[in-house]
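**Q** Below: one structure in C-alpha cells.
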Amino acid sequence: MTATTPTTSSTHFRTCPLCEAMCGLEIRVTDGTVDRIRGDRADVWSKGYVCPKGTAIGHLHHDPDRVRRPMIRTGDRWEEVDWETAFARCDELIAGVLERHGKDAVSCYIGNPTAHNFSLGRYVGLFIGLAALPVVYSAGTVDQWPKNLTAALMYGGMWSIPTPDVPRTDYWIVMGGNPQASQGSLLACPDILGELDGIRARGGKVVVLDPRRTGTAERADEWVPIVPGTDAAFLLAFAHVLFADGLVDLGPAAPYVDAAKVDAVRAVAAEFPPERVEAACRVPAETVRRLAHEFAAAPSAAFYGRIGTCNQEFGTLTSWLVDVVNILTGNFDRPGGLMFGKPIAWGVNSLPNPELADGVVIGKWRSRVRDIPEVLGQVPVSCLAEEIDTPGPGQIRALITIAGNPVISAPGAGRLDAALTELECMISIDNALNETTRHAHVLLPGLSALEQHHFDDLIPMWQVRSAARFSEPVFDPGDRPHEWEILARLGAMCAGMRHADTDVGMLDDGFFLALAEAKGVDPAVALEQSPGRGPLRLLDLQIRTGPWGDRYGEVPDGLTLQSFRDAPHGIDQGPMVPRVPEILETPDGRIDLAPDLVLADVPRLARRLDRATDGLLLTSRRHLRSNNSWMHNVKVLVKGKDRCTLLIHPDDASAAGVADGAVARVSSEAGSVEVPVEVSDEMMPGVVSLPHGWGHDKVGTRQAVAREHAGVNNNLLALPDLFDPLSNNAAVNGIPVEVQPV
Ligand SMILES: Nc1nc2c(c(=O)[nH]1)N[C@H]1C(S)=C(S)[C@@H](COP(=O)(O)OP(=O)(O)OC[C@H]3O[C@@H](n4cnc5c(=O)[nH]c(N)nc54)[C@H](O)[C@@H]3O)O[C@H]1N2
Ligand SMILES: Nc1nc2c(c(=O)[nH]1)N[C@H]1C(S)=C(S)[C@@H](COP(=O)(O)OP(=O)(O)OC[C@H]3O[C@@H](n4cnc5c(=O)[nH]c(N)nc54)[C@H](O)[C@@H]3O)O[C@H]1N2
Ligand code: SF4
Ligand SMILES: [Mo]
C-alpha cells in the first residue's frame with residue numbers, strides 16, 4: 001500500500017462566462033485540477049441553476065489542445081515562442097503591410113466570445129479606436145444586426161434592445177428562438193425553462209412559432225409551425241388583427257409615440273389580412289386571429305423574436321414588427337412586457353454615440369467588391385472572402401481575428417477558408433488552433449476563463465434583473481499578458497506605432513480618462529481613486545458611475561467594485577424597471593414606431609408572398625451541449641449520439657428517398673455536404689435543419705476530440721448573396737436546398 005498523498009482542496013465561486021444565462025458556479029479545485037463544478041445555490045441571480053457546459057468549464061481549462069503560449073507559423077510548421085518574440089513578429093508583419101499597401105489593406109474580424117470575455121469585451125473598443133481600420137467585420141452580421149438596426153432607429157441606441165420580462169409575464173410568444181438549447185439570447189434570464197414553467201403554473205400561456213418543434217415548444221402550451229423567412233408577414237397580419245378588431249392600446253408607450261406613426265403602421269398592416277399571408281406562412285388565418293386576441297387580452301404579454309427572426313431575408317422587418325406588436329398592445333416598458341435592462345455596471349448604450357447623433361445614416365461607405373452600403377459600420381461578413389481574394393486597391397492583405405472562427409461561422413465558408421491562405425499577415429487572438437486560426441502567421445492565446453476575472457459587460461443590457469457578481473480568477477495566469485493588453489498592442493501597431501515605442505499603460509490611461517469624462521466625473525479624481533490598470537479599473541468606473549454607484553465618493557453608500565468583492569454571491573437590485581423616456585436617444589427623444597427605412601422594405605416582403613416555396617428550406621439549430629463552433633473539443637460534451645444530423649420530416653424523407661440513419665447529400669446553390677439523416681416529425685414538412693458550428697475535419701488544426709466528431713459545416717450551403725439588405729445580416733435560414741440519398 002502506498003501512503004495517501006496529502007491533497008489540497010479549495011472552493012471558488014464565480015460566474016460562468018459561456019452564455020447569457022450567467023450562472024453562478026461553485027468550483028472545487030483539488031491539487032491544481034478542477035474536480036467538481038456545480039451550481040452555486042447562494043448565487044443571488046441563478047440560485048444554483050447550471051447546464052452541462054458550465055460544469056465542463058474545467059475541461060476547457062485543462063484541455064491539452066488549448067493554446068497556452070504564443071505560436072508563430074512558417075509554412076505548415078508551428079513554433080512556440082515567448083511573448084516578446086510573438087509581438088515583434090506581429091509588429092514586423094503589420095508594419096510591412098502598412099508600408100506596402102497602406103491602412104486600407106488591414107482589417108479585422110471580431111467573434112462572439114469577445115462579448116463574454118472580461119477583457120476583450122471592454123477593450124475591443126480601444127482596439128477599434130486606436131486601429132481606426134476602414135472596415136471591421138464581425139459575427140454581428142450573422143446574428144443580431146437587425147436588432148441593432150431597429151433599436152437604433154426606434155430608440156436611438158443600437159444596443160438598447162428591449163427584452164421580454166419572462167419572470168413576470170402572463171403570455172409569452174417565442175418566435176425563432178430556442179431557449180431550451182441557447183438558454184436565452186438578447187435575453188438574460190437563468191433557468192429560462194423553469195421560468196417558462198412558471199408562466200404556465202400561474203395560469204399564463206407560452207406559444208412557440210418555429211419551423212421546428214423545439215425543446216422549448218415541447219414545454220410550451222402551443223407550437224405554431226411557420227415557414228422560415230415569413231415571420232414578418234405573420235406579424236403584419238397579427239398587427240392587422242390588432243387594428244381591425246380594436247385591440248390597439250399603447251398604454252405606457254403612448255406619450256412617446258406620434259399618432260402619425262401609429263397611422264403609418266395601421267396603413268401598412270391594413271394590406272396584410274391573415275388570409276393574405278396564410279399560404280406563405282402556412283399558418284391558418286384563424287390561428288393568427290386567435291393569437292392576436294389572446295395576446296392583447298392577457299394581463300401582460302411579451303412577444304420575443306430571436307436568431308430565427310434575424311438570420312433571415314427579412315430580419316429587419318421582423319425585428320421591427322416584434323417590437324411594434326408589443327408597443328401596440330401596451331406591453332412595452334412595463335412589467336411582464338418588453339423592457340430594457342438596467343445594468344449595475346453601465347453598458348455601452350449609456351455612452352454617447354456620435355455616429356447616431358443625427359439618427360441612423362446608412363451607406364456612409366460601400367464595400368469595395370460588391371458595392372454594398374454599410375449599416376451601423378458593417379457590411380455582411382460574407383464580403384470578407386472576396387475583399388481578400390479580389391485584387392485591386394484596397395484589397396485586404398492583413399487580417400486580425402479576435403475570438404472568432406469565421407471559416408466555420410460565416411456564409412461562403414469555403415471561399416473564406418481559401419482566401420485566408422493568400423494573406424500576407426494574419427494574426428489571431430484565440431485559445432484554439434482551429435479551422436480559422438490554422439491560417440494565422442501568429443497565434444496569440446488569451447487566458448483561460450478560469451485564469452481571469454469576470455463580470456459581464458454587454459449582457460446586462462438585456463438582463464431581467466439588475467443583478468451581478470464579480471469573479472476572481474481560479475488559477476494564477478502568471479505573467480502572461482491579458483487580452484486587453486494584446487488588443488492595445490495590436491491596435492497601436494495598426495495605427496502605425498512600433499512595438500518598441502508603445503506604452504500600453506499610457507494608452508490604457510487615455511482610454512480610462514476618456515470614459516471617466518464621458519461619465520461626467522473628474523478624471524483626476526477617478527484616476528486617483530482607482531488602483532491598477534486594465535479592465536478591473538474600468539469595471540470599477542462602470543459600477544461607480546452606474547445607477548447605484550458611489551460616483552467616487554459623491555454618493556456615500558454607493559456601490560464600488562469593492563462592494564462586489566465583499567459579496568461573493570452577488571448583488572441584486574431587483575427586477576426590470578420602466579426606462580422610457582430616459583433611455584431614448586433618438587434625435588427627437590421619441591420612439592419611432594414607423595421608421596421610413598423599414599416601411600420602404602414592405603413591398604419586397606409582399607413579393608415574397610407570391611414566391612412559391614415548393615422545395616426544401618434549410619434552417620439552423622443549436623444544442624444545449626454545443627457552443628457555436630468552439631466547444632466540440634470537450635469529450636464530456638460531444639460524447640453520445642451524433643448531433644450533427646439533418647433533421648427532416650418523414651414525408652420529405654420518403655419523397656427524397658432518404659432513411660433515418662442513412663447519409664444524405666444536401667445541396668444548395670453554394671455547395672453540398674454529406675450528413676447523416678434524422679427523420680423526425682419535429683420538423684414541419686418542407687423545412688430541414690442542420691446545426692451550425694461543425695466541420696472539424698480540416699488539415700492542420702489541433703483539436704483531437706473535435707476531429708473525431710467532425711460533423712459538417714452548414715455554412716458551405718449558405719449563400720453569400722442571401723442577406724437582409726436593410727441590416728446586412730446574413731440569411732442562413734430559409735436556404736433552398738435539395739436532399740438526395742448518397
Ligand atoms: N449557419 C449558421 N451560421 C451561424 C449561425 C447560425 O445560427 N447558423 N449563428 C451565428 C452566430 S449567432 C454567431 S454568434 C456566430 C459565431 O461565430 P464566431 O464568433 O466566428 O465563432 P465561434 O464559434 O463563437 O468561435 C469563437 C472563437 O473564439 C475562440 N475563443 C473562445 N473563447 C475565447 C476567449 O476567451 N478568448 C479568445 N481570444 N478566444 C476565445 C474559440 O477558440 C473560437 O475560435 O456564428 C454565426 N454563424
Ligand atoms: N447551447 C448553446 N447556447 C448558445 C449558443 C450555442 O451555440 N449553443 N449560441 C449562443 C449564440 S451566439 C446565440 S446568438 C444564441 C441564439 O439563441 P436562439 O435564438 O435561441 O438560437 P437557436 O437555439 O438556434 O434557436 C433558433 C430557432 O429559430 C428557428 N428558426 C430558424 N429559422 C427561422 C425562421 O425563419 N422563423 C422562425 N420563426 N424560426 C426560425 C430554429 O428552428 C431554431 O429553433 O444562443 C447562444 N447560446
Ligand atoms: S446556462 Fe450553462 S453555459 Fe450558460 S451560463 Fe449557465 S452554466 Fe454557463
Ligand atoms: Mo450569436
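**Q** Through the Karplus equation 6.51 cos²θ - 1.76 cosθ + 1.60, θ set to phi - 60°, convert the phi angles of the range 270-275 into ³J(HN,Hα) values in whole Hz; use x for Gly and Pro.
**A** Rounded to whole hertz, the list is 4, 7, 10, x, x, 5.
**Q** Compute the convex hull volume of the Cα atoms of the range 36-131, divide it by the residue count, and report the result per residue in Å³ as a whole number. Don't jump to the answer; show the numbers that get you there.
**A** On the way: hull volume 16.0 nm³, N = 96.
Dividing the Cα hull volume of the range 36-131 by its residue count gives 167 Å³.
**Q** Thr316: net charge of surrounding residues, Cβ under 13 Å, Lys/Arg +1, Asp/Glu -1, itself excluded? All intermediate terms of the calculation are to be shown ahead of the outcome.
**A** Numbers: positive: Lys147, Arg604; negative: Asp231, Glu313, Asp323, Asp596, Asp601, Asp724.
Charge balance near Thr316 sits at -4.
**Q** Apply the Kirkwood formula to the range 475-625: the hydrodynamic radius equals the inverse of the mean of 1/r over all pairs of different alpha-carbon atoms; give it in Å with one decimal. Show your work: numbers first, answer last.
**A** Working: mean 1/r = 0.0479 Å⁻¹.
Here the Kirkwood hydrodynamic radius works out to 20.9 Å.
**Q** Once you charge only the Cβ atoms, +1 for Lys and Arg and -1 for Asp and Glu, what is the size of the charge dipole of the chain about its Cα centre, to the nearest 20 debye?
**A** For the chain, the charge dipole is close to 940 debye.
**Q** Please report the orientation-averaged projected area of the range 105-210, defined via the convex hull of its C-alpha atoms, in nm².
**A** Working: hull surface 33.8 nm².
The orientation-averaged projected area of the Cα hull of the range 105-210 comes to 8.4 nm².
**Q** For the range 293-428, report the convex hull volume of the alpha-carbon atoms normalised per residue, in Å³, without decimals.
**A** Working: hull volume 23.2 nm³, N = 136.
Here the figure is 171 Å³ per residue.
**Q** Further question: Return the Rg/Rh ratio of the range 1-70 with Cα-based radii and a Kirkwood Rh. Show your work: numbers first, answer last.
**A** On the way: Rg = 14.3 Å, Rh = 13.3 Å.
My calculation puts Rg/Rh at 1.07.
**Q** Express in whole angstrom the spacing between the alpha-carbon centres of the range 58-104 and the range 276-297.
**A** Centre-to-centre distance over Cα atoms comes out at 55 Å.
**Q** Putting +1 on Lys and Arg Cβ atoms and -1 on Asp and Glu Cβ atoms, find which of Pro52, Val142, Phe238 reaches farthest to the positive end of the dipole of the chain.
**A** The listed residue farthest towards the positive side: Pro52.
**Q** Where only protein heavy atoms count, and the probe is 1.4 Å, what is the accessible area per residue for the chain in Å²? Mind showing how you got there, number by number?
**A** Values: 26230 Å² over 742 residues.
That works out to 35 Å² for each residue.
**Q** Something else now. Do you know the relative contact order of the range 174-213, to the nearest whole percent, from alpha carbon pairs under 8 angstrom that are 6+ apart?
**A** Normalised by residue count, the contact order of the range 174-213 is 45 percent.
**Q** When the Kirkwood radius is taken over all Cα pairs of the chain, what Stokes-Einstein diffusion coefficient follows at 37 °C and 0.692 mPa s, in µm²/s?
**A** On the way: Rh = 26.4 Å.
Rounded, D is 124 µm²/s.
**Q** Which residue, chosen from Asn431, Ala730, Gly412, occupies the Cα position most advanced towards the positive end of the dipole of the chain, where the dipole is computed from +1 (Lys, Arg) and -1 (Asp, Glu) charges on Cβ about the Cα centre?
**A** Projecting each Cα onto the dipole axis, the largest value belongs to Asn431.
**Q** Quick one: putting +1 on the C-beta of Lys and Arg, -1 on the C-beta of Asp and Glu, what dipole do you get for the range 394-526 around its Cα centre, in Debye to the nearest 20? Provide the component values of the computation, followed by the final result.
**A** On the way: 9 positive and 19 negative charges, 90 e Å.
The dipole magnitude comes to about 440 debye.
**Q** Given a 1.4 angstrom probe, I'd like the percentage of the accessible area of the chain that is carbon and sulfur, rounded to a whole number. List each step's numbers first, then the result.
**A** Details: 13690 of 26230 Å².
Answer for the chain: carbon and sulfur cover 52 percent of the accessible area.
**Q** Which whole-percent values make up P(r) of the range 433-551 when all C-alpha to C-alpha distances are grouped in 10 Å steps starting at zero?
**A** Spelled out per bin, shortest first, that is 11, 33, 37, 16, 3.
**Q** Apply the a/c threshold of 1.5 to the C-alpha gyration tensor of the range 624-731 and tell me whether it is rounded, prolate or oblate. Can you show the working numbers first?
**A** Details: a/c = 1.78, a/b = 1.14, b/c = 1.56.
Oblate, because a/c is 1.5 or more while a/b does not exceed b/c.
**Q** In the neighborhood of Gly589, defined by Cβ-to-Cβ distances under 12 Å, what is the net charge if each Lys or Arg adds +1 and each Asp or Glu adds -1?
**A** -4
**Q** Kirkwood-based Rg over Rh for the range 589-658 (C-alpha set), two decimals?
**A** My calculation puts Rg/Rh at 1.19.
**Q** On the Cα set of the range 45-100, report Rg and Dmax in Å, please.
**A** My reading of the Cα-based Rg and Dmax gives 18.6, 56 Å.
**Q** So, one more: Quick one: dipole size for the range 639-742, taken about the Cα centre, charges +1 on Lys/Arg Cβ and -1 on Asp/Glu Cβ, in debye to the nearest 20.
**A** Values: 7 positive and 14 negative charges, 124 e Å.
Using only the charged Cβ atoms, the result is roughly 600 debye.
**Q** Nearest 500 deg cm²/dmol is fine: what mean residue ellipticity at 222 nm does the chain get from its DSSP H runs of n ≥ 4 alone, each adding -39,500 (n - 2.57), divided by its residue count?
**A** Details: 26 runs with 230 residues, N = 742.
Dividing the helical sum by the residues of the chain leaves -8500 deg cm²/dmol.
**Q** Subtract the Cα-Cα distance of Glu92 and Asp479 from 0.36 nm times their separation in residues, and report this length gain in nm to one decimal. Write out the running numbers ahead of the final one.
**A** Numbers: separation 387, 0.36 × 387 = 139.32 nm, distance 2.36 nm.
Between Glu92 and Asp479, full extension yields 137.0 nm more.
**Q** When only alpha-carbon atoms count, how far does the range 368-507 stretch along each of its three principal axes, as whole angstroms with the largest first?
**A** 48, 44, 29
**Q** In a solvent-free Debye calculation with one equal scatterer on each Cα, what is log10 I(q)/I(0) for the range 161-203 at q = 0.23, 0.25, 0.33, 0.34 Å⁻¹, listed in the order of the q values?
**A** -0.77, -0.92, -1.46, -1.49
**Q** Still on this structure, please answer the following. Using θ = phi - 60° and the Karplus relation 6.51 cos²θ - 1.76 cosθ + 1.60, list the HN-Hα couplings for the range 123-130 in order, rounded to whole Hz, with x at every Gly or Pro.
**A** Couplings: 10, 5, x, 5, 4, 5, x, 5 Hz.
**Q** Any idea what Rg and Dmax come out to for the range 202-351 if you just take the C-alpha atoms, in Å?
**A** Cα only, the range 202-351: 15.5, 48 Å (Rg, Dmax).
**Q** So how long is each side of the range 79-135 along the principal axes, counting just the alpha-carbon atoms, biggest first, in Å?
**A** Principal-axis extents of the Cα atoms in the range 79-135, largest first: 34, 31, 16 Å.
**Q** Here's another thing I want to ask about it. Only Cα pairs under 8 Å and at least 6 apart count here; give the relative contact order of the chain as a rounded whole percent. Intermediate results must be reported in sequence, preceding the final value.
**A** Values: 1697 pairs, mean separation 147.5, N = 742.
So the answer I get is 20 percent.
**Q** Tell me the relative contact order for the range 457-551 as a rounded percent, counting alpha carbon contacts under 8 Å between residues six or more apart.
**A** Details: 41 pairs, mean separation 16.9, N = 95.
Over the range 457-551, the number comes to 18 percent.
**Q** Could you let me know the centre-to-centre spacing of the range 497-541 and the range 652-726, using Cα atoms, in angstrom?
**A** 47 Å
**Q** Express in whole angstrom the spacing between the alpha-carbon centres of the range 318-380 and the range 423-481.
**A** 26 Å
**Q** Still on this model: Sketch the reach of a paramagnetic label on Arg565 as a point 7 Å from Cα along Cα-to-Cβ, and name the residues of the range 326-349 whose backbone nitrogen lies under 20 Å away.
**A** So the set is 344-346.
**Q** Taking only the alpha carbons of the range 533-692, what extent do you get along each of the three principal axes, in Å, biggest first?
**A** Between the extreme Cα coordinates on each principal axis of the range 533-692 lie 72, 49, 29 Å.
The values are calculated or read from the model by the stated rules, or taken from the named source; none is laboratory data. What you see is a predicted model, and the numbers here were worked out from it, not measured in a lab. With ideal geometry, Cβ positions are generated from the backbone for all residues, glycine too; neighbour counts draw on all protein chains shown. Just the protein is used for accessible areas: all its heavy atoms, side chains included, with ligands, DNA and RNA removed. Shrake-Rupley method; radii C 1.70, N 1.55, O 1.52, S 1.80 Å.
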